[in-house]
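The values are calculated or read from the model by the stated rules, or taken from the named source; none is laboratory data. This is a predicted model, so every value here is computed, not measured. Heads up, the Cβs are rebuilt from the backbone with ideal geometry, glycines too, and the neighbour counts pull from every protein chain shown.
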Amino acid sequence: MSIALTPFTGSAAARFLHDVRAGLRQPQKRLPCKYLYDQRGSELFDQICDLDEYYPTRTELAITRRYAGEIADQIGAGAALVEYGSGSSVKTRLLLDELSDARAYVPVDISREHLASAAGRIATAYPSLDVLPVCADFTQELVLPVFPRQPTHSAVYFPGSTIGNFPPSAAQELLRSIRGTVGVGGGAILGIDLQKPVEVVTAAYNDAEGVTAAFNLNLLERINRELGADFCVDDFEHRADYNAKHGRIDMLLVAQRDQVVEIAGEQVEFQAGETIHTEHSHKYTLDGFAELAAEAGLTMHKAWTDAKRWFAVVHLVA
Ligand code: AVJ
């Protein structure tokens, strides 16, 4: 199994430094949420998924388990399943178990190590499936690999409501690029988090054990570790507010006092109470999401939800 590599300009460390500097120079400081997921961050995220307060993971899993057969029917026979994010998860296997005639499985991930281990596990568990990992940033134009057995069509699988981390304009751009990747006759299965009572959403990002706080603060520790910055992490606090205007959770780091932080020779000033935006997590209505998809040229063909309508798995067709 070989991994197709998309060429990058510059090293990962140089990009990280560039993004951190650019984000912290803004009047409203921000850091891209993708950097939350280093080794430690990914471990903490796995712990978040097991928290009582964090409903999305288990709700999506229950929907997928219950409707795997129907979802596979919608994907259709002879497809190549293209998963955004490394897919060694239970959810992916539930679908692959029902897609007995799938031609290929293409996991796409930016992290080479994650990708290789996830692809290896799927290849072992499904020996008759062509597993063709692609190391790439799925927000960029995606070139599908050469298929040993030509699929009848492609279907993108994008679970986890990760699309909710993109602002609407970027989410729409991503949907448009999904449409470009699968082409006419292709489709996509997406997990999306739905609007629900504010207390439920807020609790999911402010857990009692403080795992989400550790996950958020780990970003500053990562900047210290990898970029040699001198953030005093104890001087920042985790906060997650529901932003009703945008229908999203805003995850923030709040400076507890005036301070100056040095990052690769650059001084960054913080005032007490000043915030860094680290992640937005949009909660959609089904109609709202269908509209967003339609503007990107995708039709919402079907949606599966739980009894409380807290989460949805949707089928979009190009
Ligand atoms: C997996 C990115 C969708 O937004 O709910 C969980 C990430 N952040 N707790 C989400 C996350 C804080 C999660 N996503």
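Only one entry of Pro133, Pro159 meets the criterion of being within 16 Å of the ligand (Cβ to nearest atom) and either touching a residue at least 60 places away in the same chain (Cβ under 8 Å) or within 30 Å of Asn216 (Cα to Cα) (or both), and that entry is Pro159.
Among the numbered conditions (1) modelled with pLDDT of 95 or more; (2) within 18 Å of the chain's Cα centre (by Cα); (3) not hydroxyl-bearing (Ser, Thr, Tyr), the only one that Glu70 does not meet is (2). Considering only region 16-72, state which residues are β-branched (Val, Ile, Thr) and either within 14 Å of the ligand (Cβ to nearest atom) or under 23 Å from Phe158 (Cβ atoms) (or both). Matches in region 16-72: Ile48, Thr57, Thr59, Ile63, Thr64, Ile71. Residues of region 222-232 that are touching a residue at least 12 places away in the same chain (Cβ under 8 Å), assigned to a helix (DSSP H, G or I) and away from the ligand (no atom under 16 Å from the Cβ): Ile223, Glu226, Leu227. Out of everything in region 104-121 that is surrounded by fewer than 21 Cβ atoms within 10 Å (Cβ to Cβ) and touching a Ser or Thr at 6+ places or on another chain (Cβ under 8 Å), what residue ends up being modelled with the highest pLDDT? Top of the filtered list is Arg121.
Would you mind stating whether Tyr84 is at pLDDT 95 or above and aromatic (Phe, Trp, Tyr)? For Tyr84, the condition - at pLDDT 95 or above and aromatic (Phe, Trp, Tyr) - is not met. How many residues does region 212-257 hold that are buried (at least 20 other Cβ atoms within 10 Å of the Cβ) and among the β-branched types (Val, Ile, Thr)? Residues in region 212-257 being buried (at least 20 other Cβ atoms within 10 Å of the Cβ) and among the β-branched types (Val, Ile, Thr): 3 in total.
Enumerate the strands (runs of 3 or more DSSP E) found wholly within region 233-310, keeping only those where 1 or more residues are within 22 Å of Ile223 (Cα to Cα), touching a residue at least 12 places away in the same chain (Cβ under 8 Å) and not aliphatic (A, V, I, L, M).
Once the strands (runs of 3 or more DSSP E) in region 233-310 are filtered for at least 1 residues that are within 22 Å of Ile223 (Cα to Cα), touching a residue at least 12 places away in the same chain (Cβ under 8 Å) and not aliphatic (A, V, I, L, M), what remains is 236-243, 248-255, 259-263, 266-270, 275-282.
Residues in region 147-170 that are among the aliphatic types (A, V, I, L, M) and buried (at least 21 other Cβ atoms within 10 Å of the Cβ): Ala155, Val156, Ile163.
Can you name the residue in region 170-220 that is of a type in the set (Asp, Glu) and farther than 21 Å from Trp304 by Cβ and is also nearest to the ligand (Cβ to nearest atom) among such residues? Across region 170-220, the extreme among qualifying residues is Asp207.
Out of everything in region 20-52 that is at pLDDT 95 or above, under 21 Å from Ile276 (Cβ atoms) and charged (D, E, K, R), what residue ends up being nearest to the chain's Cα centre (by Cα)? Here the answer is Arg30.
Which residues, counting only those in region 87-105, are in contact (Cβ under 8 Å) with a residue 40 or more places away in the chain and under 17 Å from the mean Cα position of the chain (by Cα)? The answer is Gly87, Ser89, Lys91, Thr92.
Condition check ((1) modelled with pLDDT under 95; (2) out of contact with any strand residue (DSSP E or B) (no Cβ under 9 Å at 6 or more places or on another chain); (3) of a type in the set (A, V, I, L, M, F, W, C); (4) not in a loop (DSSP other than H, G, I, E, B)) across all residues:
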residue	(1), (2), (3), (4)
Tyr157	no, no, no, yes
Gly164	no, no, no, yes
Glu173	no, yes, no, yes
Arg176	no, yes, no, yes
Thr181	yes, no, no, yes
Gly185	yes, no, no, no
Ile189	no, no, yes, yes
Ile192	no, no, yes, yes
